[in-house]
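Read the structure below first, then the notes.
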Amino acid sequence: MSTVTLEPATSPGPHAGRRSRPFAWVEQSLTLAWRNIVRIKQNPEALADVTFQPIIFLVLFVFVFGGAISTTGRWQDYLPLVLPGILVQSVVFSTMGTGVGLNDDFAKGVFDRFRSLPIARVAPLIGAVLGDAVRYILSIVILMTSGLILGFHFGDGVLNGLAALLLILGFALSLCWIWVWLGLTMKTAQGVQGIAFLVMFPLTFGSNIFVKTDTLPGWLQSWVHVNPIAHLVDAMRGLMLGGPVQKPLLTTLAWMIGLVAVFAPLAIRAYRRRT
């Protein structure tokens, strides 16, 4: 009587699909980004911070403060100065929602369900960032439309104006990695939002968003000169209105690279620890 030795079957495991294609994570990230977009469509009131709030800020600052701040006393002359600044303020504030949303998803166990799927581990994180890019674009479109209705026009050509809008979108996608990291390391969404506001208020209101730098006190001018938001605003104004562009643009690009280089790895490491 002979015996036959049976080799145990090798199970592919729940995550074998993650290694099936080298760039499958790209498709998976885009699919999960679409999930976030659909969720926005089902919950439109979540867009209040990127729709109504920017319009309110623009109208209030132009019509309430424009006559007083403008050297000519006319709000029409203040609009070109303040619109690029409010674009920056609105979009960078909207980036906080990425970290708050991630923290909330983890608290609700959404990422526990993602972990059981045969997808790349990093796909839900990349998908969340890409999905929120729609919110940034919507904020840009709504504010620019409002500004054009009020009489704004690009002083250095439409192409340079579009380059300015792409610049603020790229800066937002770089800055959001700070909030992604905070959202993955802090315990509550309220904590993420609280820290984010503490950081964003000095960066935005302590800058040249609403007034020219040379009108500020000397000590505040020193802060504005090292403030990345101020360099971004200068680059936006140079592209949208005409004026010096090279130095503030290069400084802004350097900040964008630095933010991604520092905070994206920290965020991915924190994400892997939690998953």
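The values are calculated or read from the model by the stated rules, or taken from the named source; none is laboratory data. No experiment lies behind these values; they were computed from the predicted model shown. Backbone-built Cβ (ideal geometry, glycine too); neighbour counts: all protein chains shown.
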So Asp49, is it out of contact with any His (no Cβ under 7 Å at 6 or more places or on another chain) and modelled with pLDDT of 85 or more = no
message = Let me spell it out: the conditions are (1) more than 30 Å from Leu241 (Cβ to Cβ); (2) more than 20 Å from the chain's Cα centre (by Cα), and Gly147 meets all of them except one. Which number is the exception?
response = (1)
query = If you go through the range 52-75, how many residues are part of a helix (DSSP H, G or I) and closer than 16 Å to Asn208 by Cα?
reply = 7
query = Does any residue of the range 14-28 turn out to be under 30 Å from Asp234 (Cβ atoms), modelled with pLDDT of 75 or more and hydrophobic (A, V, I, L, M, F, W, C)?
reply = no
ask   = Has the range 245-257 got at least one residue that is assigned to a helix (DSSP H, G or I), closer than 26 Å to Phe106 by Cβ and not polar (S, T, N, Q)?
value = no
message = Take the conditions closer than 28 Å to Gly243 by Cβ, hydrophobic (A, V, I, L, M, F, W, C), in a loop (DSSP other than H, G, I, E, B) and in contact (Cβ under 8 Å) with a residue 12 or more places away in the chain and apply them to Phe171. Does it pass?
response = no
message = Out of Gly194, Gly243, Gly238, Gly218, I need the residue that is touching a helix residue (DSSP H, G or I) at 6+ places or on another chain (Cβ under 8 Å) and surrounded by fewer than 20 Cβ atoms within 10 Å (Cβ to Cβ). Which one?
response = Gly243
query = Say we look at the range 52-90 and pick out the residues that are of a type in the set (S, T, N, Q) and at pLDDT below 90; which of these is nearest to Met200 (Cα to Cα)?
reply = Gln53
Subset of the range 142-161 [in contact with a helix residue (DSSP H, G or I) (Cβ under 9 Å, 6 or more places away or on another chain) and among the aliphatic types (A, V, I, L, M)] = Ile142, Leu143, Met144, Leu150
request  = Only residues that are aliphatic (A, V, I, L, M) and farther than 25 Å from Ala261 by Cβ: list them for the range 141-176, please.
outcome  = Val141, Ile142, Leu143, Met144, Leu148, Ile149, Leu150, Val158, Leu159, Leu162
request  = Please enumerate the residues belonging to the range 208-243 that are more than 25 Å from the chain's Cα centre (by Cα) and either part of a helix (DSSP H, G or I) or of a type in the set (Phe, Trp, Tyr) (or both).
outcome  = Asp214, Thr215, Gly218, Trp219, Leu220, Gln221, Ser222
task = Considering (1) over 25 Å from Pro54 (Cα atoms); (2) of a type outside the set (S, T, N, Q); (3) part of a helix (DSSP H, G or I), say which one Lys187 fails and leave the rest.
result = (3)
inquiry  = For Gly109, only one of the following conditions fails: (1) touching a residue at least 24 places away in the same chain (Cβ under 8 Å); (2) closer than 19 Å to Met186 by Cα; (3) surrounded by fewer than 21 Cβ atoms within 10 Å (Cβ to Cβ). What is its number?
reply    = (1)
Selected residue [in contact with a Ser or Thr (Cβ under 7 Å, 6 or more places away or on another chain) and under 28 Å from Leu79 (Cα atoms)] from Leu249, Leu239, Leu198, Leu175 = Leu175
remark   = Of the candidates Gly155, Gly127, Gly161, the one satisfying the condition of being touching a residue at least 40 places away in the same chain (Cβ under 8 Å) and surrounded by 22 or more Cβ atoms within 10 Å (Cβ to Cβ) is Gly127
message = What's the total number of residues in the range 76-118 that are closer than 30 Å to Gly155 by Cα and in a helix (DSSP H, G or I)?
response = 19
